[in-house]
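Have a look at the structure below before the remarks.
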Amino acid sequence: MKLSSFFHLACFSIKTILLRQKNPILGTIILTDKCNLSCKHCSVNNITAVLHPYRQIRAEMEKLYGMGIRILFFCGGETFLWNDGDKTLRDLVREAREMGFLIVNTVTNGTFPLDLPEADLILLSLDGDKEKHNEIRGDTYDRIMENIRNASSDNICFYMAINRINRHTVRDVCIKARDTDNVRAVSFNFHTPYPDTAELALSREEKAGCCDAIALMKKQGAPVFNLLSAFPYIINNSFPTPCHQCIVMEDGEISTCGRCIHSPGLCEQCGYFFVAEYTLLFSGNIKIIAELLCTYLKYI
């Protein structure tokens, strides 16, 4: 992370904590819900299968920047499917950087060539060892690993959604992140129980077991992006929601924190580690602040 970016984000955090502001700093643009996969835990793929036009995405980027957003995510569906004429995801990332966003990340399922060195992080969904990943996402594991080996940059971060199918493979994913070239870190979430996938949600005891496994691997040197000091809040769902510092824009509509907010009762069952980390950060939790500084400076 550039020093200028660090100081900007630090100043935002200090003002937010001291003045109890609710201004956003992190924004996500949904490029499309079109996806080439149909994963067992996903509730948002191929509802419309529309690729939102470049002019609209560009306007959304400008709007978010004008609102003070400086950390930008591009999400899907599958982001690498997005195009409009000769415009591709790579063009969007480049333009976001030129516009002034300090951190630009994208999320992908990893089944397309990973040629995106301009992104700070490519968050790539890996949902377990080969057996469990393929059970959830179809026969894609080997193709993903080949794409990682051939990636044009080392900016990849594994992104695992832990559920009842893959909860025993946390260690495997940590080891794979540690031992795979071009992979910088691994970030975990728990499955958030949308109504059509509620049976995949973990119990409190299962969450605690997974957090113990993550913590052990982190202490043994695995490059885990998550903050250990947030784990008790994540296990008990005792962090405040929604996170007002994060917003999602989809087809022109802005949602505070994420799409969960539109489903009654879902915020209280949120499994997104970063939501817990950010709400605790902007509440002034000293342990979170210290650990986040070390983690972000190391991996971004």
Check your understanding: With each label point set 7 Å from Cα along the Cα-Cβ vector, what nm distance links residue 17 and residue 48?
Key -> 3.9 nm
Revision key, fill the gap. Once the in-chain neighbours fewer than 8 apart are removed, the lysines whose Cα is under 28 Å from residue 15 read 2, 63, 287, 298
Revision key, fill the gap. Short to long, in 5 Å steps from zero, the percent of alpha-carbon pairs of the range 174-217 per bin is 5, 19, 21, 18, 16, 13, 7, 1
Practice item. Tabulate in residue order the Karplus-calculated ³J(HN,Hα) for the range 151-162, using 6.51 cos²θ - 1.76 cosθ + 1.60 with θ = phi - 60°, rounded to whole Hz; enter x for Gly and Pro. Key: 4, 8, 8, 9, 9, 8, 10, 4, 9, 10, 9, 7
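Rounded, prolate or oblate for the chain? Axes are the square roots of the Cα gyration tensor eigenvalues, ordered a ≥ b ≥ c, and the cut-off for rounded is a/c under 1.5.
Working: a/c = 1.26, a/b = 1.03, b/c = 1.22.
It is rounded, given that a/c, with a ≥ b ≥ c, falls under 1.5.
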Check your understanding: Measuring with a 1.4 Å probe in the full set of protein chains, what accessible area per residue, in whole Å², belongs to the range 22-295?
Key -> 41 Å²
Check your understanding: What residue among 167, 20, 90 shows peak mean-square fluctuation when the chain is described by a Gaussian network model with Cα springs under 10 Å?
Key -> 20
Practice item. Evaluate E = 1/(1 + (r/R0)^6) for residue 204 and residue 65, where r is the Cβ-Cβ distance and R0 equals 41 Å; express this FRET efficiency to the nearest 0.05. Key: 0.55
Study note, to complete from the structure: So for R0 = 41 Å, FRET eff. of residue 297-residue 37 from the Cβ-Cβ r, to 0.05, ends up at 0.75
Check your understanding: aspartates and glutamates near residue 132 by alpha-carbon distance under 15 Å, same-chain residues fewer than 8 away left out - which ones?
Key -> 142, 172
Check your understanding: Hey, how many Å between the Cα centroid of the range 158-235 and the Cα centroid of the range 250-300?
Key -> 16 Å
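Just the number, please: carbon plus sulfur as a percent of the accessible area of the range 22-295, 1.4 Å probe, no ligands or DNA/RNA counted.
On the way: 5540 of 11140 Å².
After summing per-atom areas, the C and S share lands at 50 percent.
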Review point. What residues qualify as long-range amide H neighbours of residue 104, i.e. H under 5 Å apart, gap of 5 or more or another chain, H built at 1.01 Å from N?
Key: 72, 120, 121
Check your understanding: Let a ≥ b ≥ c be the square roots of the eigenvalues of the Cα gyration tensor of the range 1-88; is it rounded (a/c under 1.5), or, if not, prolate (a/b larger than b/c) or oblate?
Key -> prolate
**Study point:** Volume per residue that the Cα convex hull of the range 127-184 spans, once the total is divided by residue count, Å³
**Key:** 67 Å³
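Report, in cubic angstrom per residue, the convex hull volume of the C-alpha atoms of the range 111-219. Can you show the working numbers first?
Working: hull volume 11.2 nm³, N = 109.
Per-residue hull volume (Cα only) is 103 Å³.
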Review point. Relative contact order, percent, of the range 22-295 when contacts are C-alpha pairs under 8 Å separated by at least 6 residues?
Key: 17 percent
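The values are calculated or read from the model by the stated rules, or taken from the named source; none is laboratory data. Predicted model, so just to flag it, every value in this text is computed and none were measured. Every residue, glycine among them, receives a Cβ derived from its backbone with ideal geometry; neighbour counts consider all protein chains shown. When the accessible area is computed, the model is the full protein with side chains, heavy atoms only, and any ligands, DNA or RNA have been set aside. Shrake-Rupley method; radii C 1.70, N 1.55, O 1.52, S 1.80 Å.
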